[in-house]
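One structure is given here, and the rest of the page talks about it.
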Amino acid sequence: RAIALRLAQEGAAVVINYNGSKERAQEVKTEIESAGGTAQIMQCDVADAASCDEMFQTIIKEFGRIDILVNNAGITRDGLLMKMAEEDFDAVIDTNLKGTFHCIRAVSRQMLRQRSGRINLSSVSGVLGNAGQANYSASKAGVIGLTKSAARELASRGITVNAIAPGFINTEMTEVLSEKVKEGATAQIPL
């Protein structure tokens, strides 16, 4: 939400992808438009490659280009490693890591033609690891490796690929965390 609002404030036409809450996506669109910006919403499950390809083809038809890709789709299915269900591990990898791959692959063709573009996001969990989040941390560490490889492949064509790794942010995903987990995360922050 904050990234979309800021990009719109800077003059970008923003496409807000959602998979869960159309209402929340619409709120962001309305806020951008109320401030004089341009925004659209599109539903897409980034874990589905065909859905990603279709969404980006629609965006290219509509706008003629894609300048920035913010890979911030993410889910959690927390649990201790020895008790984690394989389905929970796979669901997080499919959305957080494979979804990032699907999106980068889909936009890279257009960005290569443009000879410009900006890509990516990750999480501090991919750098530090996090107890009870083996799947989430593995997915975000994978995004960091994917980012490094994509940067090496795409940099010569003017495409910058970076892994910004924020900590906990107040989002729909983190609002369900217990106060104990939030306090533990806060205790890890030096300042």
_Taking segment 89-179 and dividing mean pair separation by its residue count, relative contact order in percent (alpha carbons under 8 Å, at least six apart)_ = 34 percent
_Solvent-accessible surface ranking, highest first, for Glu87, Glu33, Glu62 at 1.4 angstrom_ = Glu87, Glu62, Glu33
*What are the residues whose amide H is under 5 Å from the amide H of Leu121, where those residues sit 5 or more places off or on another chain and H is modelled from the backbone?*
Asn71, Ile164
*Using only alpha carbon pairs under 8 Å that are at least six residues apart, calculate the relative contact order of segment 1-71 and give it in whole percent.*
27 percent
*Return an integer: the convex hull volume of the alpha-carbon atoms of the chain, in Å³ per residue.*
132 Å³
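May I ask you to derive the FRET efficiency for Asp67 and Val127 from their Cβ-Cβ distance with R0 = 22 Å, giving the value to the nearest 0.05?
0.25
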*asked:* What does the extension gain come out to for Glu183 and Lys22, with contour length at 0.36 nm per residue minus their alpha carbon separation?
replied: 54.9 nm
*Express in whole angstrom the spacing between the alpha-carbon centres of segment 38-65 and segment 90-132.*
15 Å
*If the chain between Gln9 and Arg113 were fully stretched, how many nm would it gain, using 0.36 nm times the residue separation less the Cα-Cα distance?*
34.8 nm
*asked:* Can you show me the helix-derived [θ] at 222 nm for the chain, built from DSSP H runs with n ≥ 4 at -39,500 (n - 2.57) apiece and divided by the number of residues, rounded to the nearest 500.
replied: -15000 deg cm²/dmol
_Relative contact order computed over the chain (Cα-Cα under 8 Å; 6+ residues apart), in percent_ = 18 percent
*Once both axes come from the Cα atoms, what is the angle between helix 22-34 and the longest principal axis of the chain, in degrees from 0 to 90, rounded to 10?*
50 degrees
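The values are calculated or read from the model by the stated rules, or taken from the named source; none is laboratory data. A quick note: this is a predicted structure, and the numbers were derived from the prediction, not measured. Don't worry about glycine lacking a Cβ; one is built from the backbone with ideal geometry, like all the others, and counts go over all protein chains shown. The area values use the complete protein model at the heavy-atom level, side chains included, leaving out ligands, DNA and RNA. Shrake-Rupley method; radii C 1.70, N 1.55, O 1.52, S 1.80 Å.
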